[in-house]
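Worksheet for the structure shown next.
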Amino acid sequence: MTSKIRVAVVGYGNIGKYAIEAVSETCDMELVGVVRRKSSLGEFCAEPAGIPVVSDVRELGKVDVALLCGPTRTIPETAEQYLTLGINTVDSFDIHGDALWNLRQQLDRTGKAYNAVAVISAGWDPGLFSMIRCISAAVLPDGEAYTFWGNGVSQGHSDAIRHVDGVKDAIQYTVPVEEAMNAVRSGSRPKLMTREKHHRECYVVAKPGADKASIERAIVTMPEYFADYDTSVTFLEQDEFTEKHSKMPHGGAVLYSGNTGVNAQMIEFSLKLESNPEFTGSIMAAYARAAVRMAREKMYGAKTVLDVPLAYLPETDRATLIKSLL
């Protein structure tokens with residue numbers, strides 16, 4: 001019988017806490033510990049009881065895979081560190097396009113050099129939505145994909161705001177434009193600019209004495225996050241912010257409008273999430289299993305969700321999967 005997969009969770013923020021839960025609910029994985037910055041060790045609460053908390057993953061003994069649950073901006077450096085130790089990694093890096101491709105190229109070289117697998121961008125977008133876009137384009141080559149996010153909280157965008165000078169706390173809601181979604185569903189294949197599909201609503205608590213005009217300007221002009229969108233910034237006091245903006249719902253949809261011959265076809269895949277980080281933690285746990293399986297088959301290097309066979313994700317054996325799902 002194959003021994004349990006030994007998992008370390010790196011980071012104890014929103015995703016890290018739920019990644020711990022997701023791993024603990026499996027039968028084939030063992031949570032061996034949590035890794036935090038040395039400066040944060042004293043902040044760790046007693047829950048979950050009995051879990052070692054360290055600042056160096058090597059203190060945990062053998063680790064098969066590390067779930068990197070820190071902010072996107074930290075992933076390139078952190079993944080490099082773990083791969084050079086021969087530890088497989090899974091992250092939810094959430095920037096699309098060139099940034100994702102460059103990370104893939106960087107970690108592919110490192111993974112192959114140290115016989116490890118790095119599964120990058122294992123979330124729901126990039127992630128599950130990427131898979132739907134790929135399948136849709138393959139089935140309906142005469143078609144076009146439209147992706148809508150929200151209503152909900154973007155963790156990556158919220159984190160980006162919190163790192164603006166003068167910001168004490170912040171949250172960002174992505175809001176899809178209903179008129180744009182309806183235009184896609186009509187089959188007309190509209191040409192939509194980025195700002196025509198979504199609004200971004202930011203709620204910010206400024207530090208005492210901070211220049212709110214400078215904060216707003218830094219947010220709305222931030223490349224890759226806000227510059228291409230209609231973005232609103234609302235400043236709140238801490239009490240009101242805590243009361244109204246403590247939950248983390250999210251969701252979204254991929255709409256694919258295509259044609260086969262003279263017939264119009266529509267593919268639609270949607271998510272409605274009460275907890276964005278909890279769902280993301282569960283995705284990462286599934287890809288932890290896949291990363292270790294691929295490493296055991298010496299399929300080293302960086303992988304995206306488009307590279308990982310679906311049968312590597314569930315705990316269930318392949319025969320049962322085929323009999324029950326096909």
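The values are calculated or read from the model by the stated rules, or taken from the named source; none is laboratory data. Keep in mind that what you see is a predicted model, and the values were worked out from it rather than measured. Virtual Cβ from ideal backbone geometry, glycine too; neighbours counted across all protein chains shown.
From the set of residues in segment 38-88 that are in a loop (DSSP other than H, G, I, E, B), of a type outside the set (Asp, Glu) and at pLDDT 95 or above, which is surrounded by the most Cβ atoms within 10 Å (Cβ to Cβ)?
Cys69
Looking at segment 239-254, I want the residues that are surrounded by fewer than 19 Cβ atoms within 10 Å (Cβ to Cβ) and have a partner that is modelled with pLDDT under 95 and polar (S, T, N, Q) with Cβ atoms under 9 Å, at least 6 apart or on another chain. Which pairs are those?
Partner pairs satisfying both residue conditions: Lys247/Ser275; Pro249/Asn151; Pro249/Ser275; Pro249/Asn276.
Return the residues of segment 134-168 that are in contact with a His (Cβ under 9 Å, 6 or more places away or on another chain) and more than 30 Å from Gly261 (Cα to Cα); say none if nothing qualifies.
Trp149, Gly150, Asn151, Gly152, Val153, Ser154, Gln155 - these are the residues of segment 134-168 that are in contact with a His (Cβ under 9 Å, 6 or more places away or on another chain) and more than 30 Å from Gly261 (Cα to Cα).
Is it the case, given these coordinates, that Met248 is assigned to a loop (DSSP other than H, G, I, E, B), touching a helix residue (DSSP H, G or I) at 6+ places or on another chain (Cβ under 9 Å) and at pLDDT 95 or above?
It is false that Met248 is assigned to a loop (DSSP other than H, G, I, E, B), touching a helix residue (DSSP H, G or I) at 6+ places or on another chain (Cβ under 9 Å) and at pLDDT 95 or above.
Among the residues of segment 165-176, are any surrounded by fewer than 19 Cβ atoms within 10 Å (Cβ to Cβ) and without any contact (Cβ under 8 Å) to a residue 24 or more places away in the chain?
Scanning segment 165-176 turns up no residue that is surrounded by fewer than 19 Cβ atoms within 10 Å (Cβ to Cβ) and without any contact (Cβ under 8 Å) to a residue 24 or more places away in the chain.
State which residue pairs qualify: first residue closer than 13 Å to Val139 by Cα and small (Gly, Ala, Ser) and inside segment 258-271, second residue surrounded by 15 or more Cβ atoms within 10 Å (Cβ to Cβ) and modelled with pLDDT of 95 or more in any location, beta carbons under 6 Å apart, and separation of 6 or more residues or different chains.
If the second residue must be surrounded by 15 or more Cβ atoms within 10 Å (Cβ to Cβ) and modelled with pLDDT of 95 or more, the pairs left are Gly258/Leu140; Gly258/Gly143; Gly258/Gln265.
Can you name the residue in segment 1-10 that is at pLDDT 95 or above and not charged (D, E, K, R) and, of all such residues, is surrounded by the fewest Cβ atoms within 10 Å (Cβ to Cβ)?
Ile5
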